[in-house]
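The values are calculated or read from the model by the stated rules, or taken from the named source; none is laboratory data. Everything quoted here is computed from the prediction, not taken from an experiment. Using ideal geometry, Cβ is built from the backbone for each residue, glycine included, and neighbour counts are taken over all protein chains shown.
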Amino acid sequence: MEPSLHRVLVATDLSRQATRALHRALHLPLAPAASVCLVHVLPDVDGGRPDEDVEAEARRRLEELLAQARAEVQAAGGRVPELSAKLAVGRVFEQIIRTAQAISADLIVLGARGRAPFHQHLLGTTAERVARVGDVPLLVVRRPFRRSYRRILAAIDGSDASQAVLQLALRVGGADLPLLRVLHAYQVPFAGFVSLGATAEARRRLLGQLRAQAEEVVAACLEQMEGLQVRCKAIVRRGEPRAVLLAEVDRQRADLLVVGTHGRTGLAHFLLGSVAEAAMRCAPCDVLVARSASGGSVLT
């Protein structure tokens, strides 16, 4: 497993709120020769380029943000990564994905808040579309940067996306992550209670079997992780996965929630998992969306 990040793409709408994504990106576990690229997307005008003055102002603001980023890292005594900026024109989510592909990004970072037109229904358009269509992990930054992630909650379901979730959680958490909390939610099928009868003994037996199966899922996922260097805490909860996940974020006071999407092609690729969607829309903390190894972008 790659221990650090080499190429990070940060998308910005140039608003003050959006700078929190850049601040977070600068404090991720970056490799010694890492690069951070800042991209701003201008909408095309009737199929053409925007006004020259608009482009010039956008370029000026991008350079200003880069200068501020360098000063911030230097003032903190850190290593300044290679910083660059790109101005793109077109549909926002498409240009973010294409830029990430062009630089072979390990991670895309987006701010969860901003001003028009970037933030309007952001989690219903840009971020969700990047997660649905793209093939690069996505970090949605909701909170201002205070410190490196220390309370990471990784949600797994036993699918092929679970390994991607765990690997990405460790990669973003860094080598000094003290503990990784791994959550698996399981549900009780109503039909199971009907077929077994509604006796208390039948309920206890079924619940015990389901919990044991859920614990086996977590154990199997952790066993498949090679060279695991961090202590893990397995958490198994009964209930509807979306509700369980959001409740556990509060219970664990998580500062980062990691969820997965399943890599598919065609129409199914656009159907972002309901758990990931709920996390991106409703979680009070930052959200990291991992893609399974079979995932791929549908952009050409």
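Given the structure, is A67 hydrophobic (A, V, I, L, M, F, W, C), within 18 Å of A105 (Cβ to Cβ) and not assigned by TED's automatic domain parsing to the domain that holds D286? Break it down stepwise before answering.
Numbers: hydrophobic (A, V, I, L, M, F, W, C): yes; within 18 Å of A105 (Cβ to Cβ): no; not assigned by TED's automatic domain parsing to the domain that holds D286: yes.
Spelling it out, it is not the case that A67 is hydrophobic (A, V, I, L, M, F, W, C), within 18 Å of A105 (Cβ to Cβ) and not assigned by TED's automatic domain parsing to the domain that holds D286.
Test S4 against the criterion of being among the polar types (S, T, N, Q) and either surrounded by 22 or more Cβ atoms within 10 Å (Cβ to Cβ) or modelled with pLDDT under 95 (or both), and give yes or no. Give the derivation first.
Working: among the polar types (S, T, N, Q): yes; either surrounded by 22 or more Cβ atoms within 10 Å (Cβ to Cβ) or modelled with pLDDT under 95 (or both): yes.
In short, yes.
I want to confirm something. Restricting to segment 47-98 and keeping residues that are small (G, A, S) and assigned to a helix (DSSP H, G or I), which single residue is nearest to L30 (Cα to Cα)? If you could, list the steps in order and put the result at the bottom.
First, pick out the residues of segment 47-98 that are small (G, A, S): 47-48, 56, 58, 67, 69, 71, 75-78, 84-85, 88, 90.
Narrowing further to those that are assigned to a helix (DSSP H, G or I): 56, 58, 67, 69, 71, 75.
Working: A56: 31, A58: 27, A67: 19, A69: 15, A71: 17, A75: 17 Å.
Applying the filter and picking the extreme gives A69.
Being modelled with pLDDT under 90 and in the same structural domain as L183 (by TED's automatic domain parsing) is the filter here; which residues of segment 131-161 pass it?
Result: D157, G158, S159, D160, A161.
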